[in-house]
1. How high is the relative contact order of the range 101-192, given as a whole-number percent (alpha carbon pairs under 8 Å, six or more residues apart)?
2. Could you derive backbone 3J(HN,Hα) for the range 175-192 from the dihedral phi with the Karplus parameters 6.51, -1.76 and 1.60 (θ = phi - 60°), listing whole Hz in sequence and x where the residue is Gly or Pro?
3. Thr108 to Val51: extension gain in nm, 0.36 nm per residue of separation minus the Cα-Cα distance?
4. Give, in nm to one decimal, the length gained when the segment between Gln179 and Ser74 is fully stretched (0.36 nm per residue of separation minus the Cα-Cα distance).
5. How big is the shadow of the Cα convex hull of the range 75-192, averaged over all directions, in nm²?
6. Tell me, what HN-Hα J-couplings in whole Hz come from the Karplus equation 6.51 cos²θ - 1.76 cosθ + 1.60 at θ = phi - 60° for each residue of the range 135-147, using x for Gly and Pro?
Amino acid sequence: MKNVHNQLLRFATAATVVTFASIAQAQEAPAGGQATPARADTSQSGTAPTVGGHLGVAVPIVTIGNPKTTVIGSDFVTLGITPGISVNLDEHWTIDFEFIALNQLKNTPAPTTFVVDPGVVRHFDGLAVGLRVATQVGALTNVGLVPILVVPFKVSSKLAYFVEGDIPLFLRDDGTKMQPSASFLFQTGVGF
């Protein structure tokens, strides 16, 4: 168990160094005219960071783990609310502080699951990709990485509708050892 924790600590440290190096490199790059798909506003005139956010709904579809795989409908029905605060460093890079409150609609009563998953998002023309670091609050020891893919649709100069696919990859303590799991989560909402 101690070996797993040491490996996780080394991985988290390396990921943090890479993330901050990428952010520093992005801040040094000259501002271009590329659209920012995760935000409705398609340009920024200054170099100072701007603040935005998003509000969405998340639906887990499938979880592959040990000892079994669970699927929406037959095994669970869960709905989550996903607010987030975004710090837009420039037209390409965003630091996003997201929180997810998940409620079971099947197999109730069940406690609300609260996940904190801040991350870094890189914007391209027509889509954005990112990586979040996640933990479930109040659960046994757990840590996760969440690769994301976002496709936005501009509604106005200050508002965008988005669809997002997330793949939460977690290590969770089951009381005896750390167990890996992988899930697919669909998210949709508005960014501002």
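1. 19
2. Taking θ as phi minus 60°, the curve returns x, 10, 7, 7, 10, x, 8, 9, 10, 10, 10, 9, 9, 8, x, 10, x, 9 Hz for the range 175-192.
3. 16.8 nm
4. So the extension gain works out to 35.5 nm.
5. 7.9
6. Residue by residue, the range 135-147 yields 8, 8, 6, x, 8, 4, 2, 7, 8, x, 10, 10, x Hz.
Values quoted throughout were computed directly from the atomic coordinates according to the rules given, and no laboratory measurement underlies them. Small disclaimer: the values here were computed from a predicted structure and weren't measured.
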